[in-house]
Amino acid sequence: MTEQTPPDRENIQPIPLGEALSERYLAYALSTIVSRSLPDVRDGLKPVHRRLLYAMRLLRLDPDAGFKKCARIVGDVMGKFHPHGDTAIYDALVRLAQDFAVRYPLVEGQGNFGNVDGDNAAAMRYTEARLTEVAERLLEGIDEDAVDFQPTYDGEESEPLVLPAAFPNLLANGAAGIAVGMATNIPPHNATELCEALLVLIRKPSTPVADMLEHVPGPDFPTGGVIAEDRERIVEAYETGRGSLRVRARWEKEDGGRGTYQIVVTELPYQVQKGKLVEKIAALINDRKLPALADVRDEFAEDVRLVLEPRARTIDADALMEQLFRQTDLEVRFAMNMNALDATRTPRVMSLKDMLQAFLDHRHEVLQRRTRHRLAKIADRLEVLGGYLIAFLNLDEVIRIIRTEDRPKDALIERFELTERQAQAILDMRLRQLRKLEEIEIRKEHDALVAEEAELNELLADEKLRWKKIAGEIAELKKWLVGKPDLGLRRTSFADAPSEELAQAAEEILVEKEPLTVICSEKGWIRAAKGHIAPDTELKFKDGDRGRFAIHAQSTDRLLMLSTDGRIFTLPCDRLPGGRGHGEPVRLMIDLPNDQDIVDLFVHQPGRKRLIASESGRGFVFREDDLIASTRNGKQLLNLPAGEEARLAAIVEGDTVAVIGENRKLLVFSLEEMPEMSRGKGVILQRYKDGGVGDVKCFTRAEGLTWTTASGRVMREDNLLMWEGKRASAGRNAPRGFNRSGKFA
């Protein structure tokens with residue numbers, strides 16, 4: 001048995017494990033960000049896509065050429081440029097060919113490349129592919145020193161760092177990817193609109209994002225659909241590079257005769273698989289979670305056609321679809337995150353204007369590099385043509401030198417002061433090139449190249465001329481797109497965000513209306529018992545807990561809950577746990593922190609106003625309609641300083657406000673002194689030296705101020721002159737007989 005040679009301990013360096021791990025993980029993270037997950041803002045491609053297009057170009061798979069097997073393409077890419085698995089490369093190739101996945105396909109496929117149902121493409125040995133015209137525009141000028149190249153992973157060949165990109169691919173086709181610590185999700189857009197925005201940006205670089213959205217109103221998804229979002233939200237998303245857009249299916253109502261109808265879905269939201277969507281709707285029908293829907297049928301042929309049959313002809317189609325939008329993928333949220341690598345290969349979240357400007361800057365650099373490359377080619381050709389012209393002017397002498405001299409090349413250089421290249425070109429001329437006609441053609445070519453050289457030098461010297469040329473290229477691209485309706489026309493339309501009235505109508509038609517009693521304990525356990533329970537009914541609670549709220553409501557109602565941190569939460573009554581048992585903690589339904597508590601719970605009444613007050617006596621009037629929220633976070637209503645809590649939300653009715661403090665001082669003032677707000681800190685209702693607000697009541701001055709004693713007796717005070725004052729006054733001691741609790745009820 002041979003002895004193993006001990007390692008060379010002189011080359012071993014002790015490194016702390018934490019330092020070694022962080023260094024290596026950082027290298028991995030950077031590799032993932034730069035070389036895998038994030039696209040380049042200039043050509044909109046990730047390395048795998050760029051290598052695919054470049055390899056297909058080397059295989060001469062132009063749009064007017066024949067197709068080649070995808071296995072051949074994948075093999076070339078994997079062997080020469082992309083040292084990763086063939087499955088990952090083929091998946092990237094397939095996506096570039098799917099017209100339902102990318103707005104402007106870069107690969108034209110032949111064979112089964114998958115479908116909107118979610119079926120996979122056929123194996124790469126069965127499918128074929130070639131480049132599209134859009135991809136050809138991305139590669140235009142790549143042989144003219146337009147971009148930098150780098151060695152491939154094995155150093156045997158070279159590959160482009162970025163493509164010349166005569167097409168705004170990043171915004172036109174979008175991108176999605178997850179790196180380490182960051183991600184990107186850029187929606188596709190209409191390229192015709194992008195061209196118009198680019199032309200505007202060239203004419204006026206200071207154009208703000210909001211004005212650019214007049215030309216690019218929003219995403220344009222390959223599967224169409226409807227973006228149901230407010231313009232302000234869209235503008236904010238494009239200004240910051242982050243946002244969330246609501247995308248809905250496109251549908252229409254088909255009349256079935258005798259008052260019946262059916263709903264036909266013709267376009268699905270982006271990246272929604274039709275097969276899974278149909279299964280989801282069918283499951284909801286079977287589980288009776290869509291009581292207004294009778295059936296769903298997939299009548300898909302070449303176009304999307306999803307038929308929805310309502311259970312009754314009296315059901316409103318808009319309300320039915322609103323409920324479907326809420327419960328299925330007929331509506332999705334596109335989380336926009338416009339994160340890309342800039343020209344320095346640095347990841348950055350960009351606005352719409354930043355991305356368009358980065359594309360223009362890249363086109364400007366490409367134009368200059370191609371111009372210099374062309375000038376070098378012209379200079380090289382002019383040198384040769386100059387030698388030819390000297391030969392034609394001295395033809396007899398040239399022939400004599402070639403025939404008689406032992407070293408004709410050196411003799412020509414010495415006799416006519418030629419360069420070595422010119423002398424070699426003269427020696428390589430064929431006899432038939434010595435005819436007169438050839439001389440005329442050479443002179444024409446020489447003059448044309450001299451004129452072109454002057455134009456190109458002028459172009460390099462004048463920045464305005466360069467931008468004019470770029471604008472011309474973009475205008476030509478726009479014209480080309482307009483001439484192809486399948487590429488140029490917008491597919492996704494826009495609609496207003498759904499109204500609360502429509503949402504309420506959807507709840508009402510799809511939820512059976514029945515009386516409920518909502519019961520909430522002091523510790524926040526909530527349940528809904530059927531029927532309206534009498535106030536004196538004994539209710540059971542967990543040990544150590546007791547009742548706090550018992551509210552009569554309907555199953556179609558929505559509850560509004562005010563928390564101590566000034567937020568309002570919305571709870572649909574039909575989604576509350578049943579009355580058997582003790583219910584469930586309300587904190588499981590909403591995001592109410594453990595250090596916060598419930599202040600008030602009441603049934604939402606459309607059009608009603610309330611007055612909110614903090615414990616220090618600040619508040620304002622708000623509309624209940626403005627506080628309906630479908631999220632677990634609720635809506636922030638009252639802005640509170642640290643350590644202070646919301647105290648109450650009194651119903652606004654009448655023309656007068658009565659405020660009583662914990663110091664039992666009462667103040668009465670006009671309701672007109674209270675501002676109406678949707679959110680804020682509010683104004684001072686009553687000033688206190690000690691304590692805070694006790695209770696607030698709004699009433700009609702002419703009817704007097706009433707309060708209910710602990711025994712249930714109603715007391716009334718008509719003469720309120722001594723308590724009347726301006727808002728923010730201190731008030732006076734409460735009238736005789738007022739509740740010791742300091743409450744109006």
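The values are calculated or read from the model by the stated rules, or taken from the named source; none is laboratory data. On a predicted model such as this, the values are computed, not experimentally measured, just so you know. Heads up, the Cβs are rebuilt from the backbone with ideal geometry, glycines too, and the neighbour counts pull from every protein chain shown.
Take the conditions (1) more than 20 Å from Ser521 (Cα to Cα); (2) within 33 Å of the chain's Cα centre (by Cα); (3) touching a residue at least 24 places away in the same chain (Cβ under 8 Å); (4) outside any strand (DSSP E or B); Phe622 misses just one of them, which is (4). Residue pairs, Cβ under 8 Å, 6 or more apart or interchain, first in the stretch 440-451 and closer than 15 Å to Ala391 by Cβ, second at pLDDT below 90 and aromatic (Phe, Trp, Tyr). List them. Taking only residues 6 or more apart or on different chains, the pairs are Ile442/Tyr388; Ile442/Phe392.
Assess whether Asp64 counts as being among the acidic types (Asp, Glu), crowded, with 16+ Cβ neighbours inside 10 Å and in a loop (DSSP other than H, G, I, E, B). Spelling it out, it is not the case that Asp64 is among the acidic types (Asp, Glu), crowded, with 16+ Cβ neighbours inside 10 Å and in a loop (DSSP other than H, G, I, E, B).
Note on the stretch 252-277: among residues that are among the hydrophobic types (A, V, I, L, M, F, W, C) and surrounded by 18 or more Cβ atoms within 10 Å (Cβ to Cβ), the one that is farthest from Phe221 (Cα to Cα) is Ile263. Considering the stretch 513-563 alone, what residues qualify as being assigned to a strand (DSSP E or B) and among the small types (Gly, Ala, Ser)? Scanning the stretch 513-563 gives Ser521, Ala528, Ala529, Gly547, Ala550, Ala553, Ser563.
Annotation note: Cβ proximity below 7 Å between a residue of the stretch 185-209 that is touching a residue at least 24 places away in the same chain (Cβ under 8 Å) and a residue that is of a type in the set (Ser, Thr, Tyr) and in a helix (DSSP H, G or I) (sequence gap 6+ or interchain) occurs for Val209/Tyr238. Look at (1) within 23 Å of Leu139 (Cα to Cα); (2) at pLDDT below 95; (3) hydroxyl-bearing (Ser, Thr, Tyr) and you find that Ser31 fails only one, number (1). Of the strands (runs of 3 or more DSSP E) lying entirely inside the stretch 257-349, those containing at least 1 residues that are within 30 Å of Ser35 (Cβ to Cβ) and small (Gly, Ala, Ser) are 331-337, 339-341.
Mind listing just one residue for me: the one in the stretch 390-401 that is surrounded by 15 or more Cβ atoms within 10 Å (Cβ to Cβ) and closer than 22 Å to Asp447 by Cα and, of those, farthest from the chain's Cα centre (by Cα)? Here the residue is Asn394.
Among the candidates Ala745, Ala730, the residue that is among the aliphatic types (A, V, I, L, M), more than 20 Å from Arg610 (Cα to Cα) and under 53 Å from the mean Cα position of the chain (by Cα) is uniquely Ala730. Annotation: Leu611 fulfils all but one of (1) touching a Phe, Trp or Tyr at 6+ places or on another chain (Cβ under 9 Å); (2) assigned to a loop (DSSP other than H, G, I, E, B); the unmet one is (2).
Exactly one condition in (1) outside the structural domain of Asp626 (by TED's automatic domain parsing); (2) buried (at least 17 other Cβ atoms within 10 Å of the Cβ); (3) farther than 19 Å from Val621 by Cβ is false for Lys743; which is it? Here Lys743 clears every test but (2).
For (1) surrounded by 15 or more Cβ atoms within 10 Å (Cβ to Cβ); (2) modelled with pLDDT of 90 or more, each residue gets a yes or a no:
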residue: Gln686; (1), (2): yes, yes
residue: Gly691; (1), (2): yes, no
residue: Lys697; (1), (2): yes, yes
residue: Glu703; (1), (2): no, yes
residue: Ala728; (1), (2): yes, yes
residue: Arg732; (1), (2): yes, yes
residue: Arg736; (1), (2): no, no
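Residues of the stretch 549-595 that are closer than 15 Å to Arg632 by Cβ, acidic (Asp, Glu) and buried (at least 17 other Cβ atoms within 10 Å of the Cβ): Asp565 alone. For the stretch 292-317, a tally of residues being of a type in the set (A, V, I, L, M) and under 21 Å from Phe100 (Cα atoms) returns 4.
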